[in-house]
Structure formats: structure tokens, C-alpha cells
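I have placed the structure first, in the form of C-alpha cells, so that the comments after it can refer back to it.
The values are calculated or read from the model by the stated rules, or taken from the named source; none is laboratory data. Quick caveat: nothing in here was measured; it's all calculated off a predicted structure. A quick note on method: Cβ atoms are made from the backbone with ideal geometry, for glycine too, and the neighbour counts reach across all protein chains shown.
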Amino acid sequence: MGELAFTLGVFGGSLLAGLLGSLTGLGGGVVLVPLLVLAFKVDLHHALGASLVSVVATSSGAAAAYVREGYINLRLGMFLETATTLGALLGANLLGVLPKRWVAVLFGLVLLHSAYLSFRSRHQDQPLPPTASHPLTARLRLGGRYPTPRGEVAYGVRRLPQGFLLMVLAGALSGLLGIGSGALKVLAMDRVMGLPYKVSTTTSNFMIGVTAAASAGLYFRRGYVDPWVAFPVVLGVLLGAFLGARLLPGTPTPRLRLVFALAIAALGVQMLVQGVRA
């Protein structure tokens, strides 16, 4: 494959990955890493390095638009980011203790079950009333408002301790498996904490970038960020993220849930294969 064809192909694939990552809150690495390794024969370490850089780009590009539109819950995202950071440190310390294949297989099964639940759920968002929030939510002012066709709607946050613990688990899985674990973050905020689905995906986008920035620095220091790969990836992902931010307000929630279910099902299969082959 010539250099021009390689660059254009990577750019096109990255655009689709950025669009998917922006709409679903997954960061786009679900599509990007397999695409780079299998279709373009990029070394795995360089593919992961480009993916981490692209996650930062997706988060930065989409988050700027989502903050302007009023979807991201910044206070809640920063609060939960402390949990994912603690989990990432825990996962890094457990890396040499737990067999990665066991964790990968378990995570794959959990994601496939979650994809089934997301696919089965076809209802529109029913925001949790602020009065039904967890008591700590009001004290920390973690509730918020988000735009709808009927105007801004206030929402609360339930089961805050359970959601915090799930974020610790998401961070631990990120440290163990080298993934962004955006799927678990979205599921925790959507299913457990009762946030509107579009708030869950956009806040996940914001949180993923913070975690990926530190990891990307380590990859850069080790020489795993190849500019010839990372440059078209970042450009494509940024454009895809901006397109996703434009499409999200007018996209029906059931359709977003379907896209999310298909994406995490693909990630679940990938995790199962990785665990079985390890």
C-alpha cells in the first residue's frame, strides 16, 4: 500500500471511529485499534499509542461542543474521575497478580450481557427527578440540566456510592487491559445512577480524555506514538468527533442505544477472543 493510500485510508477509518466514539462515549478505540492492526498492518503498540492520542482528541473535540450545548455534567464528571484514577492505580498494581486472560474473558461476557440489555431497551429517556436524588448529590450539587426539544430539563443522580464503586472498577479494568473502559462508564451513569442517556455518553467522553492523557504521555515517552500514524488518526478523529457532536442533539435516544449496543458487543467479542488466545 502506498503512503498516500495508507494516509487516506487511516484518515477515513479514524473519521468513522471519532464519529462512533463521540456519539456513544466509548472514545473510538473500539474500532480504531482493530482497524489499524488488521487492515493497515500497524504494530500493536503504535496502534495503541495512536488510539490513546485519538481518545484525547475525541474528548477534547467533542467535549468542547457538548459543554457549549449544555450536555456534559462537569461537576459529576470531575467527581467520578477521582474514582477512575484510584481504580487505574489499583489495576496497574494488580497487573502482575491476576491473569489478564481471566479478566478479559469476564469483561467480555459482562459487555455482551450489557449489549443485550441496551438493545432490549427501546424507551426514551426518563430523567430522574432531582427530588429522588441520593442525599449526597444535593450537598455536592451533582445534579444538572440538559437541553431537550421541550426545553431544558432538570435531572438528579441516584445511587451515588454504587456509581462511584463502578467507576473504580472501570478504572481498574482500564489499568489491567489497557482500554478506556468507556462502555462501563456509560452503563454506570445510565443504568445505575439514572442520568439521561445523552448526558451519560457526553460526560463519559469528557472523563475518558483525562485518563487517556496520562497514558498517552507514557506511550510517547516509550516511542510508541508514530507521527506518520498518529497525524491522520488525530485529524480524522477530530473531524468525526465534531460531526458526532452536531448529530447527537437530533439523534433519537433509541437509535443511540442501538449503536452503543452494537459497539460494546463488538468490544465484548474482541475481549473474549483476546482472553481465549492469551
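A Cβ distance below 7 Å, combined with a sequence gap of six or more or placement on separate chains, defines the contacts here; from segment 125-140, residues that are more than 15 Å from S200 (Cβ to Cβ) reach residues that are among the basic types (K, R) in the pairs A132/R158; S133/R158; H134/R158; H134/R159. Sub-8 Å Cβ pairs linking a first residue in segment 62-87 that is over 17 Å from L169 (Cβ atoms) to a second residue that is acidic (D, E), at least 6 apart or interchain, are G70/E152, ordered by first then second residue.
Quick one: in segment 142-167, which of the residues that are assigned to a strand (DSSP E or B) and not charged (D, E, K, R) is surrounded by the most Cβ atoms within 10 Å (Cβ to Cβ)? Ranking the candidates gives G144 first.
Residue-by-condition table, conditions (1) more than 21 Å from A50 (Cα to Cα); (2) among the basic types (K, R):
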{"site": "R191", "(1), (2)": "yes, yes"}
{"site": "T201", "(1), (2)": "yes, no"}
{"site": "S204", "(1), (2)": "no, no"}
{"site": "A216", "(1), (2)": "no, no"}
{"site": "A230", "(1), (2)": "no, no"}
{"site": "L247", "(1), (2)": "yes, no"}
{"site": "P254", "(1), (2)": "yes, no"}
{"site": "V273", "(1), (2)": "yes, no"}
{"site": "R277", "(1), (2)": "yes, yes"}
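Residue-by-condition table, conditions (1) of a type in the set (A, V, I, L, M); (2) modelled with pLDDT under 95:
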residue: T137; (1), (2): no, yes
residue: P149; (1), (2): no, yes
residue: V153; (1), (2): yes, yes
residue: R158; (1), (2): no, yes
residue: F164; (1), (2): no, no
residue: L169; (1), (2): yes, yes
residue: A172; (1), (2): yes, yes
residue: A183; (1), (2): yes, yes
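If I go through segment 57-74 residue by residue, how many of them are part of a helix (DSSP H, G or I) and under 16 Å from K185 (Cβ atoms)?
Final tally of qualifying residues: 6.
The set of residues from segment 212-234 being of a type outside the set (D, E) and in contact with a helix residue (DSSP H, G or I) (Cβ under 6 Å, 6 or more places away or on another chain) comprises A212, A213, S215, A216, Y219, Y224, V225, V229, A230, P232, V233, V234. Looking only at segment 4-54, which residues are more than 16 Å from G236 (Cα to Cα), free of Cβ contacts under 8 Å to residues at least 24 places away in the same chain and assigned to a helix (DSSP H, G or I)? Selection gives V37, L38, L44. In segment 14-41, the residue that is modelled with the highest pLDDT out of those that are more than 20 Å from M271 (Cβ to Cβ), buried (at least 23 other Cβ atoms within 10 Å of the Cβ) and not hydroxyl-bearing (S, T, Y) is L19.
Name the residue that is modelled with the lowest pLDDT, counting only residues in segment 185-219 that are among the aromatic types (F, W, Y) and either in contact with a Gly (Cβ under 6 Å, 6 or more places away or on another chain) or over 15 Å from L248 (Cβ atoms) (or both).
Checked segment 185-219; the qualifying residue modelled with the lowest pLDDT is Y219.
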